[in-house]
Amino acid sequence: MTYNILVLDNVDKKALDILTATPDFNITAGAYNREQTLAAIPTADALIIRSATTADAELINAAPNLKIIARAGVGVDNVDLEAATAKGVVVVNTPDGNTISTAEMTIGLMISLARFIPQGHASMQAGKWDRKSFTGVELKGKTLGLVGFGRIGRAVAKRALAFEMTVIAYDPYIPADIAADFGVDLVSLDELYAQADFISLHSLITDETKGMVNAESIAKM
């Protein structure tokens, strides 16, 4: 039996090569707009997406053969889970797919902020070098506050601790002993805002978290 797999958004060529090499898979891949996607989806048995495509009820209901939606990434915010469940469509993601790269990017951005790297680069590009303006601070001894302590938050904590930072975290769904195993103290959100020198957000966008960083919370930092 041949399965029709529709791959939208930009997926790594190595992944496409693996799929293409599978005899029972008929692969259709492309960066489709909405109209093209709706035209292609009716024959699809599987849908692979990243963040650019929204698999909403209209799209899911237009695919009578659809069995699975695979999100090449962590969150499934762009998939209508209720519509998928109603149609018996399985939704999966790749929770560890970008953990390390995101953690490394987080540390890189902190270093960039602490050492004024963008400003120093701009100064050099302009033919100047006012070194006293770019002294910055060391990460060592500073406190990093993590909002969310899942896979990515823990990966960031591991790397921050290697820089001899103090790491605290807010996550109402993680037991304190789990955080302690990583050398991290769980605190309230207000305590995190008050204590942290750097704050990094690693939580899904939900009704609970949307807009949580606002003028009121910034005033507590």
Note, ³J(HN,Hα) from phi for region 29-35, Karplus 6.51, -1.76, 1.60, rounded to Hz, x at Gly and Pro: 10, x, 8, 8, 7, 4, 4
Shape category assigned to region 34-74 from the gyration tensor of Cα positions, a/c cut at 1.5: oblate
Around ASN93: net Lys/Arg minus Asp/Glu count, Cβ-Cβ under 11 Å: 0
Prolate/oblate/rounded label for region 1-69 (Cα gyration tensor, a/c 1.5): oblate
Vicinal HN-Hα couplings computed from phi for region 53-69 (Karplus, 6.51 cos²θ - 1.76 cosθ + 1.60; Hz; Gly/Pro x): 9, 9, 8, 8, 4, 4, 5, 5, 6, 7, 10, x, 9, 5, 10, 8, 10
Residue exposure sequence - MET105, MET212, MET110 - by fewest surrounding Cβ within 10 Å: MET105, MET212, MET110
Within region 3-93: Cβ-based charge dipole about Cα centre, in debye rounded to nearest 20 (Lys, Arg +1; Asp, Glu -1): 180 debye
Whole-number D in µm² s⁻¹ for the chain, Kirkwood Cα-pair radius fed into Stokes-Einstein, 37 °C, 0.692 mPa s: 161 µm²/s
Eligible lysines near LYS87 by straight Cα distance, threshold 20 Å, same-chain separation 8 or greater: LYS67
Centroid-to-centroid separation of region 107-156 and region 176-219 [C-alpha atoms, Å]: 20 Å
Set of lysines near LYS158 by C-alpha distance (under 25 Å), chain-local residues within fewer than 8 positions excluded: LYS140, LYS142
Amide H within-cut-off set for ILE68, under 5 Å, with H built and near neighbours excluded: LEU47, VAL90
Three-way shape call for region 99-219 based on the alpha-carbon gyration tensor, with the a/c threshold at 1.5: prolate
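Since every read-out is calculated from the coordinates, none of them should be taken as a lab result. It should be emphasised that the depicted structure is a prediction, and the values quoted were computed from it without experimental measurement. Neighbour counts are summed over all protein chains in view; Cβ atoms, including those assigned to glycine, are modelled from backbone coordinates with ideal geometry.
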